[in-house]
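The values are calculated or read from the model by the stated rules, or taken from the named source; none is laboratory data. The structure presented is a predicted model; accordingly, all values stated were derived computationally and were not measured. Backbone-built Cβ (ideal geometry, glycine too); neighbour counts: all protein chains shown.
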């Protein structure tokens, strides 16, 4: 396979993964821990605070607002 085509494919896949992760809904998870986290709210277009329960949930979860903004506002 042509290396240039492979690089383009990897970049497109990575960008698609970021967009998909950031478009997932907020999920607090099924457990009852109290873990402050951030998620990207695709409706408001901003990273917002929420309380994560410690298990379950999805990939739209970040430990800091900076991580959220770096992943979803680029």
Scanning the range 1-45 residue by residue, those modelled with pLDDT of 95 or more, in a loop (DSSP other than H, G, I, E, B) and either over 12 Å from the mean Cα position of the chain (by Cα) or loosely packed, with under 10 Cβ neighbours inside 10 Å (or both) turn out to be 28, 29, 30, 31, 32, 33, 34, 43, 44, 45
Scan the range 51-72 and report the pairs whose first residue is without any contact (Cβ under 8 Å) to a residue 24 or more places away in the chain and whose second residue is assigned to a loop (DSSP other than H, G, I, E, B) and surrounded by 13 or more Cβ atoms within 10 Å (Cβ to Cβ), with Cβ atoms within less than 7 Å and a gap of 6+ or a chain change.
-> 51/28
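Residue 50 - would you say it is closer than 10 Å to residue 72 by Cα and assigned to a strand (DSSP E or B)?
Values: closer than 10 Å to residue 72 by Cα: no; assigned to a strand (DSSP E or B): yes.
For residue 50, the condition - closer than 10 Å to residue 72 by Cα and assigned to a strand (DSSP E or B) - is not met.
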